[in-house]
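The values are calculated or read from the model by the stated rules, or taken from the named source; none is laboratory data. The model shown is predicted, which means the values in this text are computed figures rather than measured ones. Glycine gets a Cβ as well: all are built from the backbone with ideal geometry, and neighbour counts include every protein chain shown.
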């Protein structure tokens, strides 16, 4: 069963105006197996952390997301667009490897760790100590991050069409060496199984609260599968790749959810409207 952290649920319930209806929040939480106390404690923590402001009490309360909260929960539209363009075969790989190397001294360790996190967050895989690789152009965001951290002079960027590690030079062999493809595939298979089940449920015309619960589950599962995914081009992946089928199922689910969308639905309905549009474009 998909386990959704209560904090993730609250953030997923944020509407376009930045508010969360606590009556809906508690109703969906109940369908997901969460207790009222669990929800209350999470709301209190989020309010204490400055993530939300609570107006009113209990199920009649309204939460208002702060500016910073709204900024951090906005999805990356470009990431979703690239994902579905690859699935449609419209973003072929140009055969160029992008490499990033850095050597940041120990006294700047926090900056070094933050730079490494930025590199891996962009899908980079370690080739060897201090050297990372990606099939995607990442130079601009990496330079910006390094500059913000004050370590731009410690960052080296280069590209190559001729890359070897040991006796391996075949791009797919290198991808298998550098990225955990089996784990990524398992994550997509779980997403596909959940989406197939929820697609069958949606065909039975569930209630508004049940539809909202399914939307939250789909969004959480989609994020869980895609967060660690570097979105390698199809040329580097075993075929058929389970992520392609899983994302198509997710889009079909959202097409049904959006067809019955009601006023005041959470912001994530706008996000996944872009997903459906990306598939049907």
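A single member of 161, 109, 177 is over 21 Å from the mean Cα position of the chain (by Cα), closer than 20 Å to residue 230 by Cβ and free of Cβ contacts under 8 Å to residues at least 40 places away in the same chain, and it is 177. A count restricted to segment 123-138 and to residues that are surrounded by 15 or more Cβ atoms within 10 Å (Cβ to Cβ) and in contact (Cβ under 8 Å) with a residue 40 or more places away in the chain stands at 9. Given the criteria touching a residue at least 12 places away in the same chain (Cβ under 8 Å) and either in a helix (DSSP H, G or I) or more than 22 Å from residue 9 (Cβ to Cβ) (or both), does residue 270 qualify? The answer is yes for residue 270.
Cβ-Cβ distances below 8 Å connect the following pairs, each with a first residue in segment 48-60 that is over 11 Å from residue 20 (Cα atoms), a second residue that is assigned to a strand (DSSP E or B), and a separation of six or more residues or different chains: 51/65; 56/62. Residues in segment 140-159 that are under 21 Å from residue 83 (Cβ atoms) and loosely packed, with under 15 Cβ neighbours inside 10 Å: 2 in all.
Looking at segment 126-142 only, could you name the residues that are more than 19 Å from residue 227 (Cα to Cα) and touching a strand residue (DSSP E or B) at 6+ places or on another chain (Cβ under 7 Å)?
127, 130, 131, 139, listed by residue number.
Summed over segment 160-175, residues that are surrounded by 12 or more Cβ atoms within 10 Å (Cβ to Cβ) and touching a helix residue (DSSP H, G or I) at 6+ places or on another chain (Cβ under 9 Å) total 7. For segment 230-267, which residues satisfy the criterion of being over 21 Å from residue 95 (Cβ atoms), surrounded by fewer than 17 Cβ atoms within 10 Å (Cβ to Cβ) and touching a residue at least 60 places away in the same chain (Cβ under 8 Å)? Answer for segment 230-267, where residues must be over 21 Å from residue 95 (Cβ atoms), surrounded by fewer than 17 Cβ atoms within 10 Å (Cβ to Cβ) and touching a residue at least 60 places away in the same chain (Cβ under 8 Å): 248, 264. Taken together, 194, 184 contain a single residue that is in the same structural domain as residue 272 (by TED's automatic domain parsing), buried (at least 16 other Cβ atoms within 10 Å of the Cβ) and in contact with a helix residue (DSSP H, G or I) (Cβ under 7 Å, 6 or more places away or on another chain), which is 194. Looking across segment 49-97, just one residue is in a strand (DSSP E or B) and either within 14 Å of the chain's Cα centre (by Cα) or under 19 Å from residue 141 (Cβ atoms) (or both), and that is 97. Within segment 117-149, the set of residues being within 13 Å of residue 102 (Cβ to Cβ) and touching a helix residue (DSSP H, G or I) at 6+ places or on another chain (Cβ under 6 Å) comprises 118, 132, 145, 146, 149. Residue 239 is checked against (1) under 17 Å from the mean Cα position of the chain (by Cα); (2) in a loop (DSSP other than H, G, I, E, B); (3) at pLDDT below 95 and fails just one. What number does that condition carry? For residue 239, the exception is condition (1). Please go through segment 11-41 and give me each residue that is in a helix (DSSP H, G or I), surrounded by 20 or more Cβ atoms within 10 Å (Cβ to Cβ) and touching a helix residue (DSSP H, G or I) at 6+ places or on another chain (Cβ under 6 Å), ordered by number. Listed by number, the residues that qualify are 12, 22, 28, 29, 39.
None of 203, 215, 225, 219 is more than 21 Å from the chain's Cα centre (by Cα) and modelled with pLDDT under 95 except 203.
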